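Heads up, the thing below is written out as structure tokens.
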Amino acid sequence: MSTPIKTGLCSYGHSGYAFHAPFIHVHPGFELTAVVERSKHLTQQRYPYVKIYNSIDALMADASLELIVVNTPNYTHYEYTKAALNAGKHVIVEKPFTVTVAQGEELLKLAASKKLLLSVYQNRRYDSDYKIVRKVVEDGLLGDVLEVEFHYDRFKEELSYKKHKEVAEPGTGVLYDLGSHLIDQALTIFGMPKAAWADVRIIRKDSVVDDYFELLLYYDQLRVRLKSSYLVREALPAYILHGRKGSFIKSKSDIQEALLMKGVLPDTPDWGAEAPHEWGLLHTEINGKVVKEFLPGGNGNYLDYYQGIYSAIREGKPNPVTAEEGLAVVKIIEAAFQSSKEGRLVTL
């Protein structure tokens, strides 16, 4: 490969440890060069060659860096992404892209004016569960899809130890957090809907941020229901799809995150492979014959996202997750909050 892309991380919390550093480390096209850590310096325990900065400003000022990963609290995404672009860096920003549509539109124009890559880290596109759901739809195994339900549920009455997640400020709550994943998955499979209806609520006793939502996306014939709650002890299947020919039911498979949190690097054999008990149930009609069988989920791999980033920067290939796609998610989030507040369907 050509000269590695020197990369800086804005933080080394959960996402830095699990979702970014391991993939930057194992991909030969990247070099994990610098990380912002104000006190603990945990990065160097695994990556002793990395430079540690105690501020975002110091990271941005490092002239050797070509790419910055903005993996900080949601409300900082706009500020830090703008600073990185103005410093002449390519940027990966975690979901949600920004807190408001206006912020996202400004960053889109700035990146274009500077001819810099601006990409949103939507790692759940690279999970095995999403990949098999998308393949079932695109292969036409269900015929015309009429009804879809995606879930991302948890059971967690207590508030997060991450204080910034539990403050009633713009960008907090489950709709911005887990909802960004579900909305992105729906849009990449089915496109932009014509309208949206939502019910966004607070259900935990001591919470001040939304921790439950139901979001219904309206297409011509199709309805896509997205749901998330922090008080689901016994979860329903994560993916439920019904079409004119049949149905597909699939559990959520979070194989990669579990391995990454144990410190396993993503260059291990058969990375991200789904166990047979996680395979999805297909019940449909193929060539006039009714078929009921479990479909292998295959392998997920977040490294594919970083390969896409490398190819985009070094080879001029398409951005794997564009800022425009990130902006579309924020548009749906804003429409959902409006719908829930006003109690009506919102046209998009």
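Loop-located trypsin sites (Lys or Arg not before Pro) across region 1-86 with a Cβ neighbour count of 14 or fewer within 10 Å are Arg38, Lys40, with loop assigned by DSSP.
The helix-only estimate of mean residue ellipticity at 222 nm for the chain, built from DSSP H runs of length n ≥ 4 each weighted as -39500 (n - 2.57), is -9000 deg cm²/dmol after division by the residue total. For region 249-289, what % of the accessible area comes from carbon and sulfur atoms, probe 1.4 Å? Using a 1.4 Å probe with all protein chains present, region 249-289 comes out at 58 percent carbon and sulfur.
Computed from point charges on the beta carbon alone (+1 for Lys and Arg, -1 for Asp and Glu), the dipole magnitude for the chain about its Cα centre is near 220 Debye. Rounded to the nearest 0.05, the FRET efficiency derived from the C-beta distance between Val291 and Ala258 at R0 = 25 Å is 0.20. Its relative contact order, with pairs defined as Cα atoms under 8 Å and 6+ residues apart, puts region 35-88 at 30 percent. Rounded to whole numbers, the Karplus 3J(HN,Hα) couplings from phi for region 204-213 are 6, 4, 9, 7, 10, 10, 4, 10, 8, 8 Hz, using 6.51 cos²θ - 1.76 cosθ + 1.60 with θ = phi - 60°, and x at Gly and Pro. Our Cα-only numbers for the chain put the radius of gyration and Dmax at 20.3, 64 Å.
Less than 18 Å from a label point 7 Å out along the Cα-to-Cβ axis of Glu106: which backbone N atoms in region 169-184 qualify, by residue? Only 170-172 fall inside the zone, counting backbone N under 18 Å.
Based only on the alpha carbon positions, what is the Kirkwood hydrodynamic radius of region 165-232, in angstrom? Hydrodynamic radius (Kirkwood, Cα only) of region 165-232 equals 12.7 Å. 7 Å from Cα along Cα→Cβ at both Glu169 and Ser39: what's the point-to-point distance in nm? Result for the modelled spin labels: 1.8 nm.
Ordering of 83-96, 272-285 by packing is 83-96, 272-285, highest average first (other Cβ atoms within 10 Å, averaged per residue). Measuring nothing but alpha carbons in region 215-348 and taking Rh as the Kirkwood radius, the Rg to Rh ratio lands at 1.02.
Taking a label point 7 Å from the Cα of Lys194 along the Cα→Cβ vector, which residues of region 206-247 have an amide N closer than 11 Å to it? In region 206-247, the label zone of Lys194 (backbone N under 11 Å from the point 7 Å along Cα→Cβ) covers 218-222. Considering only alpha-carbon pairs that sit under 8 angstrom and 6 or more positions apart, the relative contact order computed for the chain is 20 percent. Built from the Cα atoms of region 138-270, the convex hull projects on average onto 10.3 nm², one quarter of its surface area. Taken per residue, the accessible surface of region 118-253 reaches 42 Å², heavy atoms only and a 1.4 Å probe. Ranked by the mean number of other Cβ atoms within 10 Å of their residues, highest first, the peptides 287-300, 121-134, 215-228, 253-266 come out as 121-134, 215-228, 253-266, 287-300.
Subtracting the Cα-Cα distance of Arg46 and Arg344 from their residue separation scaled by 0.36 nm leaves 102.2 nm. Could you work out what % of the accessible surface of region 1-80 is carbon and sulfur, using a 1.4 angstrom probe and leaving DNA, RNA and ligands out of the count? Taking all protein chains in place, region 1-80 shows 52 percent carbon and sulfur surface.
The values are calculated or read from the model by the stated rules, or taken from the named source; none is laboratory data. Everything numeric in this text was worked out from a predicted model, so none of it was measured. Neighbour counts run over all protein chains shown; Cβ positions are idealised from the backbone, glycine included. Just the protein is used for accessible areas: all its heavy atoms, side chains included, with ligands, DNA and RNA removed. Shrake-Rupley method; radii C 1.70, N 1.55, O 1.52, S 1.80 Å.
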